[in-house]
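First comes the structure, then the notes that go with it.
The values are calculated or read from the model by the stated rules, or taken from the named source; none is laboratory data. It should be emphasised that the depicted structure is a prediction, and the values quoted were computed from it without experimental measurement. Heads up, the Cβs are rebuilt from the backbone with ideal geometry, glycines too, and the neighbour counts pull from every protein chain shown. Heavy atoms of the whole protein, side chains included, go into the accessibility calculation; ligands, DNA and RNA do not. Shrake-Rupley method; radii C 1.70, N 1.55, O 1.52, S 1.80 Å.
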Amino acid sequence: MNFCFRLACNMRFYLICFQFLLSTLIWAQNHQSLDYSDLNLWAAHPSKKDSADLTPLDLEESQQQAEADVFFIHPTSYGGLKLWRPWNAEIQNKKINRKTDNFIIKNQATIFNEVGKIYAPRYRQAHFYAFLTGKEDKKEAALDFAYLDIKDAFEYYITHFNNGRPIIIAAHSQGSLPVSYTHLRAHETVLDL
């Protein structure tokens, strides 16, 4: 019995090490751009039905008539125990996307639907632990990886959806990190409110 117990413990240890190594390798892969022409990569978009279409009390839904756009960068919805999870969320993770849509977009982005068309891209956000870790290299790499998705989404938005309209950039938490705005502010149509 003692032998079997040690064998089971060793196997579990090796399995955890393998999962950690695998998640690190997946995370460390080169960033591949996402195809933001796919509306599934937008938590909110004027061309689809989504949680941003809800209207808070005392406000009117007028996205379609609005003269400005709102580019909303949502906060972190990727959390839980870090353990062997990748540093960045998978873009098609249904649980994370539901949390983003049903809580964050619904409770934060909807405040803007009276003044602008809401564009909120999904991105491979950094795990919440990135804000707590003392491993600066891992933190920086995870946040940079997420930023590249935001940058790609914003460039796609400017090229295909904006049409020279004024832009309000709204963000919270991970979405509002100064690095997120470095590229976004380079566009002259941005209104920094």
**Report entry** Count of segment 102-118 residues which are modelled with pLDDT of 85 or more and touching a strand residue (DSSP E or B) at 6+ places or on another chain (Cβ under 6 Å)
**Finding:** 5
Query raised in the report: For the subset of segment 117-137 comprising residues that are assigned to a helix (DSSP H, G or I) and closer than 18 Å to HIS74 by Cα, which member is most open to solvent (accessible area, probe 1.4 Å)?
Result: PHE128
Report task. Being free of Cβ contacts under 8 Å to residues at least 60 places away in the same chain, open to solvent by 50 Å² or more (accessible area, probe 1.4 Å) and in a loop (DSSP other than H, G, I, E, B) narrows it down to one of GLU114, GLU140, so name that one. Result -> GLU114
Query raised in the report: Out of segment 86-109, which residues are touching a helix residue (DSSP H, G or I) at 6+ places or on another chain (Cβ under 6 Å) and either open to solvent by less than 30 Å² (accessible area, probe 1.4 Å) or not acidic (Asp, Glu) (or both)?
Result: PRO86, TRP87, ASN88, ALA89, ILE105, LYS106, ALA109
Query raised in the report: Of the numbered conditions (1) under 18 Å from ARG85 (Cα atoms); (2) modelled with pLDDT under 85, LYS99 satisfies every one except a single condition; which is it?
Result: (2)
Requested in this report: Kindly establish whether LYS82 is modelled with pLDDT under 70, of a type in the set (D, E, K, R), open to solvent by 20 Å² or more (accessible area, probe 1.4 Å) and assigned to a loop (DSSP other than H, G, I, E, B).
Outcome: yes
